[in-house]
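First the structure, in the form of C-alpha cells, and then the observations on it.
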Amino acid sequence: MLQPGTPTFDQLRLFLAVVDTGSFAGAARSLNRAVSVISYGIGNLENQLGVRLFDREGTRRPVLTDAGRAVLAEARTISSGMDGLRAKVKGMLDGLEAEVSLVVDVMLQPALLAQVLRAFTVHYPTVALRLHVEALGAVAAKVLDREAVIGISGPLNLGMEGLDWHKAGSVELVPVAAPDHPLALESPLRPGSARDHIQLVLSDRSPLTQGRDFSVLSPRTWRLADLGSKHALLRQGIGWGNMPLPIVEADLMAGTLVRLNMPDGPGEKYKFSVIWRTDTPPGPAACWLADQFGLCPTD
C-alpha cells in the first residue's frame, strides 16, 4: 500500500494561497512568486501526497477535488498552529510571558473574574493562563512558593515578608442563614445570639495564617475549605455564616437564604489586594491582569 509523503510548510502555504485567491495567478501575486513556481509547487504537493487536489480540466479556475477539500481542513489547522507558534515566540522575544499563573481568593466575585479573563484572551491570545482558587493564607502561599506569579488576596495576607501588594477593591460580606434557621426566625436578634448557633467558617489550608480568623463570632464552628460547600450547607439550615453579597444575591431574592440583621456582627468589607513576590515582579501580561483588579505594580 502506498504511503503519503510529508509535505513542507511552504507547499501547504502555496496550496492555501491558491484556495484563498481562487487561482494560480492570484496565489502568485499574493506570495510574490511566478505562476510557474506556484504550479510546480502544487504539482509536487500532489505527488507527495499521492492525490489530486485541484480539478484543472474544463474550467479556467482550479476547483478543489474531494481529496483537496479533505486536505484543506488539515492544512488550515497546520497553518493556524504555525501562526500561533510564531506569535508566541515573537511575544517571548519582546519580553511577553509564555504563561501566566494567577491565584485568586475564593471570595472574589466569579462574574468579575470571568470578565477580566475574557478580556485577557483578547489582549494576550498567545499567553497561556493557569488559574488557582484558594482561601485565606493559601493565596499568599501559592505566590511565595512560585506556583503563581500574582495573586488576588484577602486581608489576612497583607504585610507578609517577601510580598509586595496594591489595593484591589473589596466585596461586602453579609451574615445569612436559611429561612427556617432559628436566627432567621428570631426578630429582632438579641446581641450575642449568634454565639449560640453553629457558624460555618472557611478554613485555612496554609500554615501562613493558620489560627487567624476573619469575622468569627461563635465558639461553635464548622470549618470548610470550600466556599461552594459552605453555600450549600447554609441553604440546608445547618448553620449561619458570612458570604460575599454577589454570590448570595439570587438566594436572598428567591428567599432560599435570609440576610441576618445582627446587632453585633452587621457584616463588613472583605478587602482584596494584588500580591506578587518582591524578587519576581510580574511581566507585561501579568501586570495587565494586576491592573484590571487594582494598580499595576510598575506604575
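Nothing in this text is a laboratory measurement; each read-out follows from the coordinates by a stated rule. In this text the structure is predicted, and so the values were computed from the model without any measurement. All Cβ positions, even for glycine, are placed from backbone atoms using ideal geometry, and neighbour counts span all protein chains on display.
Considering region 121-148, the residues that are over 14 Å from M160 (Cβ atoms) and among the β-branched types (V, I, T) include one that is surrounded by the fewest Cβ atoms within 10 Å (Cβ to Cβ), namely V122. The residues in region 3-27 that are without any contact (Cβ under 8 Å) to a residue 40 or more places away in the chain, assigned to a helix (DSSP H, G or I) and under 42 Å from the mean Cα position of the chain (by Cα) can be counted, and the count is 8. Any residue that is assigned to a loop (DSSP other than H, G, I, E, B), of a type in the set (V, I, T) and within 16 Å of A70 (Cα to Cα) - is there at least one of those in region 36-55? Yes; the residues of region 36-55 include at least one that is assigned to a loop (DSSP other than H, G, I, E, B), of a type in the set (V, I, T) and within 16 Å of A70 (Cα to Cα). The set of residues from region 246-292 being in a helix (DSSP H, G or I), over 25 Å from the mean Cα position of the chain (by Cα) and surrounded by fewer than 18 Cβ atoms within 10 Å (Cβ to Cβ) comprises L252, M253, A254.
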